[in-house]
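Participant: Mind having a look at this structure? Questions to follow.
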DNA sequence: ATGAATGCAAATAGTTTGCACCTAA
DNA sequence: TTAGGTGCAAACTATTTGCATTCAT
């Protein structure tokens with residue numbers, strides 16, 4: 001079962017659970033969304049969708065992404081550039097980021113201790129964790145450990 | 001030297017360095033900003049400033065906050081509620097955030113366990129930690145724990 | 001004097017919403 | 001048939017910008 005199939009299955013479940021409907025737009029948007037990788041803005045996604053379904057309106061993409069988030073397929077990110085970005089959240093592929101500010105390499109990590117501790121902290125404040133964002137910025141101690149050393153492009 | 005004095009000193013340095021000017025608005029906004037604590041939205045800050053300087057315009061607050069960020073006095077945060085929030089960054093005071101996505105209340109936290117673990121994770125990847133950003137999103141379990149409850153219900 | 005800063009209003013940009021029409025179930 | 005979905009345009013909201021005026025240096 002590939003990523004698209006996983007997403008589709010989860011969306012189907014959500015659709016049944018909530019009494020929603022299966023439409024060609026939702027299917028097109030889902031395909032474009034999964035195909036896009038990650039960090040897509042609504043504008044980018046709309047452009048992609050319109051390749052296969054030219055009549056699709058922006059409002060539908062906004063509304064559909066909201067459905068995806070509720071279905072647990074998508075996560076919304078705000079990088080402070082004024083527009084929201086979305087990325088697929090399939091399985092439990094959750095990851096945080098370690099960023100080398102010298103060479104811009106981004107490592108992904110997931111630490112059970114941190115995850116568990118987060119829940120404790122949240123609970124202590126009376127909150128139930130829904131999601132989180134955790135980014136650690138640092139510099140490579142060993143240059144060899146830095147795959148892209150010494151060059152590197154790419155924003156996060 | 002209290003927080004306001006520290007901020008003022010840093011702003012002064014920035015003003016000299018960049019050839020800017022000292023205006024009553026900048027002073028008023030600085031005072032309101034530092035007095036507000038943290039996580040202020042432009043709207044809130046504007047309201048506060050207008051207590052002492054009623055004629056102040058919103059554009060000035062926006063422009064001034066930008067100056068504060070450049071001066072290293074303020075940090076911009078995006079919690080995904082549609083508006084940017086600013087908080088003072090004096091000394092090396094660091095904290096992370098817990099955000100209730102229902103009522104938008106923001107709690108601050110700093111956890112030694114998480115902090116320590118971060119260092120370990122980074123070291124394991126060959127990085128030296130320089131800074132980090134950690135935000136946990138969740139929902140209030142106990143309504144009473146939510147200062148702003150029941151305002152702003154969950155219809156996003 | 002002169003260039004930066006301000007206030008206001010108009011302009012943007014991203015996102016949401018009202019509404020008449022369409023369509024899955 | 002009937003609630004939900006869609007497209008379009010208008011409405012909103014946060015933020016930016018143009019411009020004439022004011023003010024710091």
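Participant: Compute a Gaussian network model of chain B, connecting alpha carbons closer than 10 Å, and tell me which residue from B:106, B:73, B:15 fluctuates the most.
Facilitator: Of the options given, B:15 has the highest mean-square fluctuation.
Participant: Please compute, over every Cα-Cα pair in segment B:96-145, the percentage with a separation greater than 13 angstrom.
Facilitator: Working: 782 of 1225 pairs.
Roughly 64 percent, rounded to a whole number.
Participant: Taking the convex hull of the alpha carbon atoms in the protein assembly as shown, what volume per residue do you get, in Å³?
Facilitator: So the per-residue Cα hull volume is 190 Å³.
Participant: Taking the Cβ of each residue in B:68, A:109 as the centre, tally the other Cβ atoms inside 10 Å and list the residues starting with the fewest. Intermediate results must be reported in sequence, preceding the final value.
Facilitator: Working: B:68 25, A:109 16.
Ascending number of Cβ neighbours within 10 Å: A:109, B:68.
Participant: Sticking with the crude label model, points 7 Å out along Cα→Cβ, report the distance from residue A:70 to residue B:94 in nm, one decimal please.
Facilitator: With each label point 7 Å from Cα toward Cβ, the separation is 3.9 nm.
Participant: Find every distance from the label point of residue B:18 to the corresponding label point in the other copies (7 Å from Cα along Cα→Cβ) and write them in nm, one decimal, shortest first.
Facilitator: Spacings between copies for this position, smallest first, are 4.3 nm.
Participant: Based on the Cβ-Cβ distance of residue B:4 and residue B:130, what FRET efficiency does E = 1/(1 + (r/R0)^6) give at R0 = 25 Å, to the nearest 0.05? Kindly include the intermediate steps, with their values, before the conclusion.
Facilitator: Working: r = 28 Å, r/R0 = 1.11.
For residue B:4 and residue B:130, the calculated efficiency is 0.35.
Participant: Here's a follow-up. Report the convex hull volume per residue for chain B, counting only C-alpha atoms, in Å³.
Facilitator: Dividing the Cα hull volume of chain B by its residues yields 159 Å³.
Participant: Considering only chain B, what is the antiparallel percent among its DSSP beta bridges, to the nearest 5?
Facilitator: On the way: 11 of 15 bridges.
The answer is about 75 percent antiparallel.
Participant: If R₀ is 30 angstrom, what is the calculated FRET efficiency for the pair residue A:50 and residue B:44, using the beta carbon separation as r and rounding to 0.05? Don't jump to the answer; show the numbers that get you there.
Facilitator: Numbers: r = 39 Å, r/R0 = 1.31.
According to the calculation, E is roughly 0.15.
Participant: Please report the spacing between the Cα centers of segment A:34-80 and segment B:68-100 in Å, no decimals.
Facilitator: Segment A:34-80 and segment B:68-100 have Cα centres separated by 28 Å.
Participant: How far, in nm to one decimal, is residue B:112 from itself in the other copies if the label point is set 7 angstrom along Cα toward Cβ? Shortest first, please.
Facilitator: Once sorted, the set of distances for residue B:112 reads 2.4 nm.
Participant: 7 Å along Cα→Cβ for the label point: how many nanometres lie between residue B:44 and each equivalent label in the other copies, listed shortest first?
Facilitator: 3.1
Participant: For segment B:3-88, I need the span (max minus min coordinate) of the C-alpha atoms along each principal axis, in Å, sorted largest to smallest.
Facilitator: 35, 26, 22
Bear in mind that the values in this text are calculations on the coordinates, not laboratory data. Everything numeric here is computed off the predicted structure, so don't read it as measured data. With ideal geometry, Cβ positions are generated from the backbone for all residues, glycine too; neighbour counts draw on all protein chains shown.
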